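**Student:** Dropping a structure here in structure tokens format, bear with me for questions.
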Amino acid sequence: TDSTFYRRITFSNNIKDTSNIILINIKNSWGGILNSPYDTIKEAETTGAIRLTSKVGAIVNWERKKDNEDWSIIDHTATQLSQTIDSNGIYTYRVKVQKDNCPAAYSNEREIYVKDALSLTDIDFNIQMKLYPNPSKGIIKINSSYNLPVQLRIINNLGQVVKFEITTIQDKELDLTNLENGTYLLSIINQGKQTTKTIIINK
């Protein structure tokens, strides 16, 4: 944001008269923040709701590239995008935003790794993991015999990742007391394997 100050100065009979100061804020375009619920999916699965927040200006278009290919334009002007991707690779998304006649700006880039359908399988955490209490007032404990580091995400009903950790889940305590009451997804990913659980916060 650029700030410009204006003041009017007049002279009458050699007497200087100064008006009050007017501050005008001029906002430039800002691409905003791009989030997605998953960073690894299978072929032929949906990306989930990729969402743009905190932008300044109107969306011109979305853009996507695969691996090191050139950017391709997606004719889409809403703040949310969901796609089904049929071939493996690293797909990167960004959004072009422009406010009035200001120069256009881009959001951050968001990568989603699409793996071959045969190489991404679910871990049977149902046997290995205990999640309690659920519903919870905000403190949730996880007990599991699984001892490798995992990517742990808490996702709200808008598809936004509200908590992210790389951690183990053998004896894990999650502090979610800062979250509002509602239903959330607990997503656990390790070495291309993923499972999700529903958790409820009810304070």
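**Student:** So W30 fits all but one of (1) more than 16 Å from A104 (Cα to Cα); (2) modelled with pLDDT under 90; what number is the exception?
**Tutor:** So W30 meets the others, but not (1).
**Student:** List, please: which pairs have Cβ atoms under 6 Å, are six or more places apart or on different chains, and start with a residue in segment 130-152 that is in the same structural domain as I166 (by TED's automatic domain parsing) and end with one that is aromatic (F, W, Y)?
**Tutor:** Final answer for the pair search is K141/Y132.
**Student:** Go through segment 130-182 and count every residue that is of a type in the set (V, I, T) and closer than 13 Å to I201 by Cα.
**Tutor:** 5
**Student:** How many residues are hydrophobic (A, V, I, L, M, F, W, C) and more than 16 Å from Q194 (Cβ to Cβ) when one looks only at segment 145-171?
**Tutor:** 2
**Student:** If you don't mind, there's one more thing I want to ask. Consider only pairs whose beta carbons are under 6 Å apart and that are at least six residues apart or on different chains; among these, list those whose first residue lies in segment 81-103 and is at positive phi and whose second residue is not in a strand (DSSP E or B).
**Tutor:** G89/D67
**Student:** For I201, are the conditions met, namely being surrounded by 15 or more Cβ atoms within 10 Å (Cβ to Cβ) and more than 17 Å from R51 (Cβ to Cβ)?
**Tutor:** Yes.
**Student:** Also: On the given criteria, is I73 of a type outside the set (S, T, N, Q) and more than 19 Å from the chain's Cα centre (by Cα)?
**Tutor:** yes
**Student:** Moving on to the next point. Being farther than 24 Å from S36 by Cβ and part of a strand (DSSP E or B) narrows it down to one residue among E173, E165; which is it?
**Tutor:** Of the residues listed, the single one that is farther than 24 Å from S36 by Cβ and part of a strand (DSSP E or B) is E173.
**Student:** Just give me the residues in segment 52-79 being in a strand (DSSP E or B) and farther than 13 Å from K96 by Cα, in sequence order.
**Tutor:** Scanning segment 52-79 gives K65, K66.
The values are calculated or read from the model by the stated rules, or taken from the named source; none is laboratory data. Keep in mind that what you see is a predicted model, and the values were worked out from it rather than measured. Glycine gets a Cβ as well: all are built from the backbone with ideal geometry, and neighbour counts include every protein chain shown.
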